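S.K.: Pasting a structure below so you can have a look.
The values are calculated or read from the model by the stated rules, or taken from the named source; none is laboratory data. Everything numeric in this text was worked out from a predicted model, so none of it was measured. Cβ: placed from backbone, ideal geometry, glycine included. Neighbour counts: every protein chain shown. Surface areas here come from the heavy atoms of the whole protein model, side chains and all, with no ligands, DNA or RNA. Shrake-Rupley method; radii C 1.70, N 1.55, O 1.52, S 1.80 Å.
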Amino acid sequence: MEDRQALELDRPAWSDAETRMLDAAAALIAARGVGGVTVAEVARDAGVSRPTVYRRWSSADEIVRAVLHRQTVSLIAQFPEPAQSRDEIVRDVLRFSELFRTDPLYGRLLEREPEVFTRYTLQRIGSSQRVILQWIAAAIQNAQRGGTVRAGNPNDLAVMLLLIAQSAILSHNTVSTLIDEPHWSSELWHALDGHLRP
């Protein structure tokens, strides 16, 4: 029987102080955008000193990346059972895309600061993307064993699957007057399924 243990993702163990700092940074992003995150304000809102913040993160940019990483892991944690087939992978990626678009943190970036979203998600592969790729690649490997996903390096297939989904998510608002939600989801399903089909 195939191992259906939950995938062990890169989940840093945050201390209480680190959790307060990340919560403070997330609240600043929600209220004022990424530009509103400063080390001084994170320290003040978290009830710690600035040196305490700097001992963990060297800049506001690093704090923002840590917040996004934590949020990504929390979204993936909503999928406790690893996908075992192509249909399950496509289903999970579509559901993740919906959770991502409606997430208070990522949704705000997509709606109000798409250029920031691009910088943090498309211009370089950071820890948030790596944890998504790890999740997808493990599912692809499962589905390849069952014969429902074509042969190939699971990591390579995962990279392209992520690019397809990210591009669709980033462009969603732009094309919303051209294609309604059900058809957008249907076409994304076909794009994801076609990429993986043997």
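S.K.: Compute the angle between helix 127-146 and the longest alpha-carbon principal axis of the chain, please, reported from 0 to 90 degrees and rounded to the nearest 10.
M.R.: Helix 127-146 sits roughly 20 degrees off the main axis of the chain.
S.K.: Related question: Can you pull the Kirkwood radius for the chain, inverse mean 1/r over Cα pairs, to one decimal in Å?
M.R.: 17.9
S.K.: Determine one quarter of the surface area of the Cα convex hull of the range 151-198, which equals its mean projected area, and express it in nm² to one decimal.
M.R.: With every direction weighted equally, the projected area is 3.3 nm².
S.K.: Using Cα-Cα distances under 8 Å and only pairs 6 or more residues apart, what relative contact order does the range 131-192 have, in percent?
M.R.: Contact order relative to length: 32 percent.
S.K.: Further question on the same structure: Given 4 °C and 1.567 mPa s, how large is the Stokes-Einstein diffusion coefficient of the range 49-154 in µm²/s, with Rh as the Kirkwood radius over Cα pairs?
M.R.: D, rounded to a whole number, is 84 µm²/s.
S.K.: Probe of 1.4 angstrom, ligands and nucleic acids ignored: what's the accessible area per residue over the chain, in square angstrom?
M.R.: Values: 10100 Å² over 198 residues.
Accessible area per residue, the chain: 51 Å².
S.K.: Shifting gears a bit: Using only Cα atoms, tell me the angle between helix 181-196 and the longest principal axis of the chain; keep it within 0 to 90° and round to the nearest 10.
M.R.: The two axes meet at around 70 degrees.
S.K.: What spacing in nm lies between the two simple spin-label points modelled at residue 119 and residue 91, each 7 Å away from Cα in the Cβ direction?
M.R.: Label at residue 119, label at residue 91, 3.9 nm between them.
S.K.: With a 10 Å radius around each residue's Cβ, average the other Cβ atoms per peptide and rank 21-32, 48-59, highest first.
M.R.: With the highest mean Cβ count within 10 Å placed first, the list reads 21-32, 48-59.
S.K.: Moving on to the next point. Take the range 93-198, drop everything but the C-alpha atoms, weight them equally and run the Debye formula without solvent; then report log10 I(q)/I(0) at 0.23, 0.24 Å⁻¹ to two decimals.
M.R.: Log10 I(q)/I(0), no solvent term: -1.33, -1.39.
S.K.: Let me ask something else. Using a Förster distance of 25 angstrom, determine the FRET efficiency expected from the C-beta separation of residue 78 and residue 58, and round it to 0.05.
M.R.: Computed FRET efficiency for residue 78 and residue 58: 0.20.
S.K.: Sum -39500 (n - 2.57) across every DSSP H segment of at least 4 residues in the chain, then divide by the residue count to get the 222 nm mean residue ellipticity, nearest 500.
M.R.: -23000 deg cm²/dmol
S.K.: Please tell me the relative contact order of the chain in percent, rounded to the nearest whole number, where contacts are Cα pairs under 8 Å and at least six residues apart.
M.R.: 23 percent.
S.K.: Does anyone have the angle between helix 16-32 and the longest principal axis of the chain? Alpha-carbon axes, 0 to 90°, nearest 10?
M.R.: That works out to roughly 80 degrees.
S.K.: Stretch residue 45-residue 17 to full length: gain in nm at 0.36 nm per residue minus the Cα-Cα span? Walk me through the numbers on the way to the answer.
M.R.: Details: separation 28, 0.36 × 28 = 10.08 nm, distance 1.14 nm.
So the extension gain works out to 8.9 nm.
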